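Comments concern the structure below.
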Amino acid sequence: MKKEIFGLTPEALQQEFVAVGLKKFRAAQVYQWLYKKSVFKFADMHNISKADIAVLEENFTVLPAQIKILTRWQSSDNLTEKLLLELADGNSVETVLMHHDYGYSVCVSSQVGCAMGCAFCASGLNGCVRNLTAAEIIMQVYLFNAMIAPQQVSRVVVMGSGEPMLNYDEVLGALKFLHREDTLFMSYRNMTVSTCGVIPGIERLTQEAVPINLAISLHAVKNDVRTELMPVNKGYPFPDVIAAAEKYAQAGGRQVTYEYILIKDKNDTPEDAQLLSNYLKFKHASVNLIPANPVPEKGFERPSAKRIEGFLRTLQKNKINATIRKEMGKDINAACGQLRAKFNRRDV
Ligand code: SAH
């Protein structure tokens, strides 16, 4: 059985290499190929002897070289690209590359499926299958990094399928790895973790004392509506979530982003906008309004442009920092879980 080495620290890699009779310096070389050059095939690592390449191939595998890309979609404006990846155990996850004017961001999945059961979201249609490992999360970033070389991914958002706070160790492990000077050397300020409001995870992240951006999927500010949309609200009521997020913001001096999907006739009234303003007034908060991507399975519609504008204006009148999310990749169903759900329905 070959050993998987992707995501190992330089020290761990060295141990593995020495154990199969390779010289220590080979570990440093391979490490550099993997994480500085995004080259994942041993045969392409030019400074390694043929004999050692054979030893490497006989003993080790490198996750990104193993992954099968099931489908690859590009949006019509070419700014968004989505991959559906088949993992070693046959499960699939999706990952999205976005080209902004300030650089490339990757939206990674943290779980196969999701257990949270949010009514508007396609990821949770069949529950959570399993957590992703840190290596599988890092791999999503590096696959795209290899595709855009010599440019580099500069931001990571943990906003794909899954609830990152229920896979905390692997998610944080992946982000810490990407922060290393000898990998992408990505600033924590360029990383965002989005949660539906799992308070213990928010508290752990506060303890972590790293300046990762926190996003909260709020989506409603009436208790019954939020519970209907997001069952997690029963265990972690949203006012408590806002309180925990505010502590996070105060501890790190960072603003929290509140995501709010606008769903026609559900959470889009002027009253909702006023209530939302009341909750977030004087908080370190900004609001990202997301006109719903319709999910055919759920019958959710997007409000009219007038309704959306009105909602934004009420927030702005109340001095809440708010924007309407620039839509990317709508034509490739780039919203959370939509691609995998479609693929599983086999009608793509
Ligand atoms: N579980 C985490 C991260 C994954 S969901 C969380 O809840 O934050 C991340 C985001 O996907 C949601 O906040 C929402 O912005 C987006 N999303 C999911 N379904 C959507 C839909 N139907 N339309 C628009 N955005 C959606």
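The values are calculated or read from the model by the stated rules, or taken from the named source; none is laboratory data. Everything quoted here is computed from the prediction, not taken from an experiment. So basically every Cβ, Gly included, is an ideal-geometry build from the backbone, and we count neighbours across all protein chains shown. To get the accessible areas, we keep the full protein, side chains included, count just its heavy atoms, and leave off ligands, DNA and RNA. Shrake-Rupley method; radii C 1.70, N 1.55, O 1.52, S 1.80 Å.
Do the conditions hold for Val106, that is, is it touching a residue at least 40 places away in the same chain (Cβ under 8 Å) and within 19 Å of Tyr168 (Cα to Cα)?
The answer is yes for Val106.
Only residues that are among the hydroxyl-bearing types (Ser, Thr, Tyr) and in a helix (DSSP H, G or I): list them for region 8-41, please.
Those that are among the hydroxyl-bearing types (Ser, Thr, Tyr) and in a helix (DSSP H, G or I): Tyr31, Tyr35.
For residues in region 258-275 being open to solvent by less than 40 Å² (accessible area, probe 1.4 Å) and of a type in the set (Asp, Glu), which is nearest to the ligand (Cβ to nearest atom)?
The selected residue is Glu259.
Does Thr183 satisfy the condition of being in contact (Cβ under 8 Å) with a residue 12 or more places away in the chain and either open to solvent by less than 10 Å² (accessible area, probe 1.4 Å) or out of contact with any strand residue (DSSP E or B) (no Cβ under 6 Å at 6 or more places or on another chain) (or both)?
yes
Can you tell me how many residues within region 276-325 are more than 22 Å from Met159 (Cα to Cα), of a type in the set (Gly, Ala, Ser) and either assigned to a loop (DSSP other than H, G, I, E, B) or open to solvent by less than 70 Å² (accessible area, probe 1.4 Å) (or both)?
Of the residues in that region, 4 qualify.
Do we have any residue at all in region 243-255 that's among the charged types (D, E, K, R), within 16 Å of the ligand (Cβ to nearest atom), within 26 Å of the chain's Cα centre (by Cα) and surrounded by fewer than 17 Cβ atoms within 10 Å (Cβ to Cβ)?
The answer is no; no qualifying residue exists.
Here are some conditions: (1) farther than 21 Å from Tyr35 by Cα; (2) open to solvent by less than 10 Å² (accessible area, probe 1.4 Å). Glu228 meets all but one. Which one does it not meet?
Condition not satisfied by Glu228: (2).
Quick test of your reading of the structure: Gln140 fulfils all but one of (1) within 16 Å of the ligand (Cβ to nearest atom); (2) surrounded by fewer than 23 Cβ atoms within 10 Å (Cβ to Cβ). Name the failing condition by number.
Result: Gln140 passes all but (2).
Quick check on region 45-56. Is at least one of its residues more than 19 Å from Thr183 (Cβ to Cβ), touching a Phe, Trp or Tyr at 6+ places or on another chain (Cβ under 6 Å) and modelled with pLDDT of 95 or more?
Checked region 45-56: at least one residue is more than 19 Å from Thr183 (Cβ to Cβ), touching a Phe, Trp or Tyr at 6+ places or on another chain (Cβ under 6 Å) and modelled with pLDDT of 95 or more.
Which fully enclosed strands (runs of 3 or more DSSP E) of region 91-135 have 3 or more residues being open to solvent by 40 Å² or more (accessible area, probe 1.4 Å) and at pLDDT below 95?
In region 91-135, there are no strands (runs of 3 or more DSSP E) which contain 3 or more residues that are open to solvent by 40 Å² or more (accessible area, probe 1.4 Å) and at pLDDT below 95.
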